[in-house]
Amino acid sequence: MSEAIKKHAIWLVLLAAAGTFALTMGTRQTMGLFLADVNKSTGLGIADISLAFAFGQLWWGLTQPFAGAFADRVGAGRVLVIGVCLVALGTVLTPMMTSTVGLIFAIGVLAAGGAGMAGPSVLMAATTRLLPPEKRGMATGIVNAGGSFGQFVLAPVAVGLTALLGWMGSMQTLGLIVLLALPAAWVLKGNSNAVAATSGAPATPRMSAGTAIKNALNDRSFLLLGAGFFVCGFHVAFLGTHLPNVVAMCGLPPSISAWSLGLLGLFNIFGSLGMGWAVSRWRMKSLLSLVYAVRAVAVMIFLASPKTATVMLIFAAVMGLTFLSTVPPTAGLVAKFFGPANMATLFGIVMLSHQVGGFLGAWLGGKVFTMTGSYDTIWLIDIALAIGAALIHMPIKEAPLALKAQAA
């Protein structure tokens with residue numbers, strides 16, 4: 001195969017994976033913009049609606065180990081087709097729901113479950129499988145940046161569509177836009193038996209999903225990695241769900257909400273690409289500690305600052321740099337520990353931990369706000385968790401564990 005064809009194939013894989021993540025993640029991350037409209041339409045209250053969003057965070061994580069195991073066995077293409085269609089269906093149905101149970105079904109089961117199937121565990125594993133090792137660090141950064149790019153683009157699109165069509169028409173149009181990701185399933189098809197032969201090194205033998213999970217859960221470094229990713233989920237879900245309401249509570253116009261979400265996505269592109277570049281140059285566990293420490297400091301400064309539009313936008317930009325920049329080093333450590341053969345399954349386990357944190361971040365945000373009329377308590381919890389995450393990555397042993405896993 002010529003170098004030109006190889007380069008074309010690499011960029012096609014990256015475009016397919018990043019584009020899919022852009023559409024699924026972008027759609028999910030704009031849902032916070034509709035929180036007030038859903039509340040006005042249904043009269044359910046912020047706490048109940050937050051529960052639907054929180055369940056979506058949890059279900060997104062719960063689907064990923066199973067979607068990963070299914071993709072490892074039957075191929076990523078089939079899983080992605082099902083996932084994209086479920087995201088579209090759930091998003092289209094959401095405006096029709098008038099009860100908490102209905103919102104949980106549309107947002108939490110259909111849309112979030114579909115996004116989990118077409119989410120990072122399957123996309124990162126497909127990319128890792130199809131690309132040689134020297135390309136994987138930057139590739140995970142590019143795929144992760146795709147989700148941020150989707151958020152950056154779709155947040156203002158959602159606002160524009162709402163002005164033209166109303167919030168219901170806007171949300172349903174976003175659901176149809178997600179279907180543009182379907183062609184990517186053909187590019188990313190294949191399972192773990194087709195691990196890229198371009199690596200120049202022997203592929204890691206494939207274990208059963210049960211054996212891979214058992215070995216990973218018996219490893220201290222893997223558990224510490226999952227615990228740190230729990231904190232990332234708490235932080236990301238809280239911001240994604242409640243940042244528009246934080247902006248409103250500061251007396252700022254709705255346009256600042258859209259720009260804040262957009263800047264989260266825009267600067268996460270830079271953070272993800274920068275982290276994708278950095279993972280091949282520095283220890284991944286140290287990079288993760290740095291990201292969580294920056295989050296803690298940034299929130300402290302934000303709480304002590306006047307809540308002007310400029311401060312809000314700068315805060316969103318700083319948070320964007322750290323928002324999902326944890327994904328490339330986390331995915332990199334999973335691949336470094338156990339190789340690519342079972343990566344979709346094992347990264348799905350780590351994503352489950354992330355989304356348990358996400359459930360608590362989204363739900364507690366609404367619960368605390370309902371009880372106190374303020375987000376101050378949840379910000380303090382977020383600071384404490386970020387400091388803890390910065391510390392918990394330090395004992396991780398960043399060395400290949402594949403041989404140990406095979407021997408266990």
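Values quoted throughout were computed directly from the atomic coordinates according to the rules given, and no laboratory measurement underlies them. These numbers come from a predicted model, not from an experiment. All Cβ positions, even for glycine, are placed from backbone atoms using ideal geometry, and neighbour counts span all protein chains on display.
Among I107, I82, a tally of other beta-carbon atoms within 10 Å of each Cβ gives an order, fewest to most, of I82, I107. Each residue of the range 347-364 was assigned a 3J(HN,Hα) from its phi angle through the Karplus curve 6.51 cos²θ - 1.76 cosθ + 1.60 (θ = phi - 60°); the sequence is 5, x, 5, 5, 5, 4, 4, 4, 7, 4, x, x, 4, 5, x, 5, 6, 5 Hz, with glycine and proline shown as x.
Each 10 Å bin from 0 upward holds the following percent of the Cα-Cα pairs of the range 282-408: 11, 35, 32, 15, 6, 1.
Determine the relative contact order of the chain: mean sequence separation of Cα pairs under 8 Å and six or more apart, normalised by residue count, in whole percent. Could you put the intermediate results ahead of the total?
Details: 805 pairs, mean separation 112.7, N = 408.
Computed value for the chain: 28 percent relative contact order.
With the cut-off at 24 Å, tell me which of the pairs K189/K397; K135/K189; K189/K214; K214/K397 have Cα atoms farther apart than that.
Numbers: K189/K397 33 Å; K135/K189 19 Å; K189/K214 27 Å; K214/K397 18 Å.
From K189/K397; K135/K189; K189/K214; K214/K397, over 24 Å: K189/K397; K189/K214.
Based on DSSP H runs of at least 4 residues, each adding -39500 (n - 2.57), what is the mean residue ellipticity at 222 nm of the chain after dividing by all its residues, to the nearest 500 deg cm²/dmol?
Numbers: 18 runs with 317 residues, N = 408.
Calculated at 222 nm, the ellipticity per residue is -26000 deg cm²/dmol.
Using a cut-off of 15 Å between beta-carbons, work out the net charge of the residues near T100 (Lys and Arg +1, Asp and Glu -1, T100 not included). Result for the neighbourhood of T100: 0.
Can you classify the range 317-383 as rounded, prolate or oblate using the Cα gyration tensor, where a ≥ b ≥ c are the square roots of its eigenvalues, rounded means a/c under 1.5, and otherwise it's prolate if a/b beats b/c and oblate if not? Because a/c hits 1.5 or more and a/b exceeds b/c, the range 317-383 counts as prolate. Taking the chain as a Gaussian network of alpha-carbon nodes connected by springs under 10 Å, the highest mean-square fluctuation of the residues P244, P183, P328 belongs to P183.
Plugging the Kirkwood radius over Cα pairs into Stokes-Einstein for the chain, at a temperature of 25 °C and a viscosity of 0.890 mPa s, what D comes out in µm²/s? So the translational diffusion coefficient is about 118 µm²/s. Here the Karplus curve 6.51 cos²θ - 1.76 cosθ + 1.60, taken at θ = phi - 60°, turns the phi angles of the range 32-45 into couplings of x, 5, 9, 4, 5, 5, 4, 5, 5, 6, 9, x, 7, x Hz, with x standing for Gly and Pro. Cα centroid separation, the range 310-344 to the range 95-114: 27 Å.
Of the residues F302, F234, F55, the one that moves most in a GNM of the chain with alpha-carbon contacts below 10 Å is F302. Note on the chain: GNM, Cα springs under 10 Å; of A71, A316, A296, the largest mean-square fluctuation is that of A296.
Against the chain, whose longest principal axis is taken from its Cα atoms, helix 46-74 shows a tilt of about 10°. Taking a ≥ b ≥ c as the square roots of the Cα gyration tensor eigenvalues, the range 76-163 comes out oblate, since a/c reaches at least 1.5 and a/b does not exceed b/c.
Look at M351, M168, M371 and count the other Cβ atoms within 10 Å of each Cβ; fewest to most, that gives M371, M168, M351. Separation of the range 266-295 and the range 214-248, taken as the distance between their Cα centroids, equals 15 angstrom. Computed from backbone phi, the HN-Hα couplings of the range 276-281 come to x, 6, 6, 5, 8, 10 Hz, rounded to whole numbers (Karplus: 6.51 cos²θ - 1.76 cosθ + 1.60, θ = phi - 60°; Gly and Pro given as x). Taking amide H as placed 1.01 Å from N in the peptide plane, S305 has no amide H partner under 5 Å among residues 5 or more places away or on another chain.
Rounded, prolate or oblate: which fits the range 1-113 when a ≥ b ≥ c are the square roots of the eigenvalues of the alpha-carbon gyration tensor, with rounded for a/c under 1.5 and prolate only if a/b beats b/c? Prolate shape, in that a/c is at least 1.5 and a/b is the bigger ratio.
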